[in-house]
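> Okay, handing you the structure first.
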Amino acid sequence: MAPENLTAYGSTLDVEQQVLANQSRRPPRPMPVIVLADISGSMDGEKIHVLNRSIRSMLHAFAVEDSARGEIHVAVIAFGGDEAVVHQPLVRASQAQWTELKPRGRTPMGSAFNLARTLLDDTTAVPKRAFPPTLVLVSDGLPTDDWQGPLTALLGTRWGARALRLAIGIGVDRTSEADEVLAQFSTPGTDVLRSDQVHEIPAQFRWVTATVTEQLHQRTAPRAVRLEDLD
């Protein structure tokens, strides 16, 4: 190889090494997961107990995922009573401190959609370099507030449109109208996960957990640096 070619080759290697060094110094890209949990009065009893246990297990599974390229961040929005609240702020799963959800009042699902939109629009919580989020809606009944406008607004945002949206319907007493709300929330082509019996809730959350972690692995799998990437 001619000396001038060796010089150019060495320069290319230097650039590649610098790119890899810069990547290694950058913090892992967050992959947000936001659970919108129905805590209305109809969730009282075994439903809310199993839901708490299932979310806690999901947080534990996410917390042990270890990647220098990406990490799962989790928030829980609880909707019951008059409005939705952020029950678990959006933090790395390993930092989450879970406290039990307690049922109350009505089903302000539209309020939860508005809160999710506000959270996703917060660039300090969900930076531009984040991986597309996953939104998980869990409910056993019909919303008691206006939900269509808030859902349309949520899906019209950058992250809302790109999110993987999953819905879990709880209980055998759900109406067809309640199921339709869950279907409209879900990503097109994604079936509503049905937990007609309370004991089926953990299995649905295990499926959600596996789906999210698989996405993380796919997006953070190391690949060789290609010269065309350096142009």
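> Please compute the per residue accessible area over segment 31-181 with all protein chains in place, 1.4 Å probe, rounded to a whole number of Å².
Heavy-atom accessible area per residue stands at 41 Å².
> Another question about this same structure. Nearest 5 percent is fine: what portion of the DSSP beta bridges confined to segment 34-133 is antiparallel?
In segment 34-133, DSSP labels about 60 percent of beta bridges as antiparallel.
> In segment 75-231, what is the volume of the convex hull around the alpha carbon atoms, normalised per residue and reported in Å³?
Taking the convex hull of the Cα positions in segment 75-231, it is 143 Å³ per residue.
> To continue, here is another question. Rounded to the nearest 10 Å², what accessible area does HIS199 show when all protein chains are kept and the probe is 1.4 Å?
Surface accessible to solvent at HIS199 totals approximately 140 Å².
> Please list THR152, THR107 from largest to smallest accessible area, probe radius 1.4 Å, with all protein chains kept in place.
Accessible-area ranking of THR152, THR107, largest first: THR152, THR107.
> Hey, another quick one. Tell me, what is the 1.4 Å probe accessible area of ARG174, in Å² to the nearest 10?
ARG174 exposes around 30 Å² with every protein chain in place.
> What FRET efficiency comes out for the pair ARG219/ARG56, r = Cβ-Cβ distance, R0 = 30 Å, nearest 0.05?
My answer for the efficiency is 0.75.
The values are calculated or read from the model by the stated rules, or taken from the named source; none is laboratory data. All values derive from a computational prediction rather than experimental measurement. Don't worry about glycine lacking a Cβ; one is built from the backbone with ideal geometry, like all the others, and counts go over all protein chains shown. Note: accessible area is taken over every heavy atom of the protein model, side chains too, but ligands, DNA and RNA are not part of it. Shrake-Rupley method; radii C 1.70, N 1.55, O 1.52, S 1.80 Å.
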